1. Do we have A:F187 as touching an Asp or Glu at 6+ places or on another chain (Cβ under 7 Å), modelled with pLDDT of 95 or more and farther than 15 Å from A:L99 by Cβ here?
2. So if I check each of B:V150, B:V144, B:V154, which one is within 21 Å of the chain's Cα centre (by Cα) and either of a type in the set (K, R) or over 27 Å from B:T463 (Cα atoms) (or both)?
3. Which members of region B:181-199 meet the condition of being buried (at least 21 other Cβ atoms within 10 Å of the Cβ) and either assigned to a helix (DSSP H, G or I) or within 14 Å of chain A (Cβ to nearest Cβ) (or both)?
4. How about region A:1-110: which helices (runs of 4 or more DSSP H) wholly inside it have at least 2 residues that are buried (at least 17 other Cβ atoms within 10 Å of the Cβ) and within 14 Å of another protein chain (Cβ to nearest Cβ)?
5. Every residue in region B:568-592 that is assigned to a helix (DSSP H, G or I), surrounded by fewer than 19 Cβ atoms within 10 Å (Cβ to Cβ) and among the aromatic types (F, W, Y), please.
6. Pick from region B:204-241 the residues that are farther than 21 Å from B:L303 by Cα, without any contact (Cβ under 8 Å) to a residue 40 or more places away in the chain and assigned to a helix (DSSP H, G or I): which of them is nearest to the other protein chains (Cβ to nearest Cβ)?
7. Given the criterion over 30 Å from B:W502 (Cα atoms) and within 13 Å of chain A (Cβ to nearest Cβ), identify the matching residue among B:A160, B:A139.
8. Which of the residues belonging to region B:449-501 are of a type in the set (S, T, Y) and in a helix (DSSP H, G or I)?
Amino acid sequence: MNAGERLTDANFPAHPEKATLEGKNKFLGFWLFLGGETVLFATLFGTYLGLRKMHLDGPSGEELFSLPLVFLATMLLLTSSLTSVYAVLSLKQNKVRSLQGWFIVTLLLGLGFLGLEIYEFIHYVHEGHTFTSSAFGSAFYSLVGFHGAHVLFGILWISTLLARNWNRGITLANAPKYYLFALYWHFVDVVWVFIFTVVYLMGKVG
Amino acid sequence: MATHESHKKRSGLMDWLTTVDHKKIGILYLLAGGFFFLIGGLEAILMRIQLMEPDSKIFTGELYNQLLTMHGTTMIFLAAMPIIFGFMNAILPLQIGARDVAFPYVNAVGFWLFFFGGLLLNLSWFLGGAPEAGWTAYAPLSTVAEDTGVDFYVLGLQIAGAGTLAGGINFLVTVINMRAPGMTFMRMPLFTWASFVTSGLILFAFPALTVGFFLLMFERVFDANFFNPDMGGNVLIWEHIFWIFGHPEVYILILPAFGIISEVVSTFSSKRLFGYSAMVFATVLIGFLGFMVWVHHMFTVGLGPVANSIFAVATMAIAIPTGVKIFNWIFTMWGGQIRFTTAMLFAVGFIPTFVMGGVTGVMLSVPAADYQYHDSYFVVAHFHYVIVGGLILGLFSGLYYWYPRMFNRVLNETLGKINFWLFFIGFHLTFFPQHWLGLMGMPRRVYTYMSGQQLDGSNFVSTIGAILMGLGTIVLLINIVISASAKHAATKDPWDGRTLEWAMPVPTPEYNFAQTPLVRGLDPLYVEKTAGNGEMTPAEPVGEIHMPNGSILPFFLSLGMFVAGFGFIYANWIVAIVGLGGVLVTMFLRSVIDDHGYHIHKKEVEADIKGGRA
């Protein structure tokens, strides 16, 4: 069967994302890539933990952080992870329109999160907390900014993926791509859970 | 290589720029790595010329600092690693009976990123001076340097490092998913095992360096304050991040050499490797412990006796699996029918040399003693014994061993032996006296010394040795030229090989195996030879073979990174955005253009088999 051919309910495999060798390779390779990404964020977390008290004359994390806003952002991102799960469920049932719908909801929630983050950063800059104001500022914007850049990349990725495959149904070629995006999105979400804990909650309680 | 009517082939330069064939990418890695090896070697010889006599004034001050920084950086990132990747690309898929690597396109991206990263770094020589903060680029030395040298270092290595990470993931997936039927993990050749573990180390070590480079770049280009104590920063963060990467890096380098030595010793002793499973276990254990020891580079920083002791014990523990390997190589030779070819000479020379580097390593792992050795020529002697005496001798051995498979020509054995003896004697002359120099107090990285301190004689000998190593390398180049002009192609199995890379004709068909081989034991080709078959038993009938299409996009993606690198170095945001935009465009094109590759028809494969080409 041609990998680009639209799958029907009759010939739909149990795991379309891993039905070809290429799919299997992508699946494993992407898990390994996320392993490397874990080290990347761990290094950023380590740097942040070493420098988070070094705010000098500028405002401290305790003074800056507003938990209601961060809580809202967290809820948006956690919900977007759930909707991407629904998209993957649709993928496994060969329901392409439902898959597209859930991924669009995921995309919109991601945009909402990004909007809140940009608003938050602008607010902090006005409070005197900038990238160059102190070691705390550099470490904060690097860690949270790297995560934000990952969200942005994910948004560009899923937009391209959806647009390119809009009328092509689910195929053995695009099923691994949808699946990998969902993996990536969960990873970005998990990193945010750690940021919420290490940066914001620990920032609030000292 | 045979052209197939089912697929139009590009020719000449375009073929090399667009190739996704792991065998050709292996050659590209080897050529580019070899080129940087010559540059790094030249830098070393220039340093040794400066240190030949006391109070010498040939290459002093800033220029000397640039030479030493570029020598270390070039040799580690742009010579040793790419040459290792060259062998991994050329040999690993053949050893496991695979037609291809898991991600041929990503593999090409990895090569071109390395190539353009290395090019960017070396262009610094012509654009305001090379970096001068040492290969470790310690802050604040690296953050306060005012010229653009360190910017070239940080951007060039960042780009090359991204390529290395891509290569590492590719080999991990290739080994896990692409092994031929019967090629279980515990039947994989040791070189494949070592490359597999090395790829795992790359995956978990390089992202730390990526972050380190980002922080250093932010500090220099965007005025961040990670390492600036006046603004609350801490210089130790750089040291930790660098060595959390840096120590696994030395095992990334040496493990593939261990793998090569295991192959060569076994083949030229005509015996299976002694203690195969212990060798595999030792390789994995060394890889694991490699992440637990980074603080031994920082004993004198003052982290306290508890931290120093824990890391000292972990460091000493690595001597145990390494010792297992040494004994197993010796026991492999014991009672074997040894053939002293050039490859075997390098392997046999490797064993005692590497042991000497290991012994000084255990000496350095004692924190109390390290306070004496730290930053002296003793350390220089130690790491050159393990990297040159270990890795580079291993790479020479691998080059002579696999040259017929990669280039269809056998290197001349007489010239090879001259190469070995010049290099081997030169190596010991260069670095053995440096042990005494260090113990007598000569600091590393300093461009001169005064006469009358008993340092003159040893330094002079050291320089003579370096020149001998250079001569040995020139003999190798002559050997390559002679072999290239030789009329006779290599036979497919010149060494009476034991593993799968010797199972197909030369030149290697582009699909490697016309029929995927059935692996029936450790050293599969040897198993078939002793069973009287002489060649591999196929695991499948002759059929269509799926191949990936070549692509120019990896070249342009890496070119985009190269351009963006210049933008960041000179803080020219338009150039940076153009470069990064180019990267995004190539990624976009790759994802929207469907490319399912092509098939080689069954009758073409049959014709190749009939013609002896597959």
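1. yes
2. B:V154
3. Narrowing region B:181-199 to residues buried (at least 21 other Cβ atoms within 10 Å of the Cβ): B:183, B:188-199.
Correct list: B:L190, B:F191, B:T192, B:W193, B:A194, B:S195, B:F196, B:V197, B:T198, B:S199.
4. Counting at least 2 such residues, we get A:21-51.
5. B:W573, B:F588
6. Among those that are farther than 21 Å from B:L303 by Cα, without any contact (Cβ under 8 Å) to a residue 40 or more places away in the chain and assigned to a helix (DSSP H, G or I), it is B:V211.
7. Working: B:A160 fails: within 13 Å of chain A (Cβ to nearest Cβ).
Unique residue meeting the criteria: B:A139.
8. The initial filter retains those residues of region B:449-501 that are of a type in the set (S, T, Y), namely B:449, B:451, B:458, B:462-463, B:473, B:483, B:485, B:491, B:499.
Answer for region B:449-501, where residues must be of a type in the set (S, T, Y) and in a helix (DSSP H, G or I): B:S458, B:S462, B:T463, B:T473, B:S483, B:S485.
The values are calculated or read from the model by the stated rules, or taken from the named source; none is laboratory data. Source: prediction; values computed, not measured. Every residue, glycine among them, receives a Cβ derived from its backbone with ideal geometry; neighbour counts consider all protein chains shown. Just the protein is used for accessible areas: all its heavy atoms, side chains included, with ligands, DNA and RNA removed. Shrake-Rupley method; radii C 1.70, N 1.55, O 1.52, S 1.80 Å.
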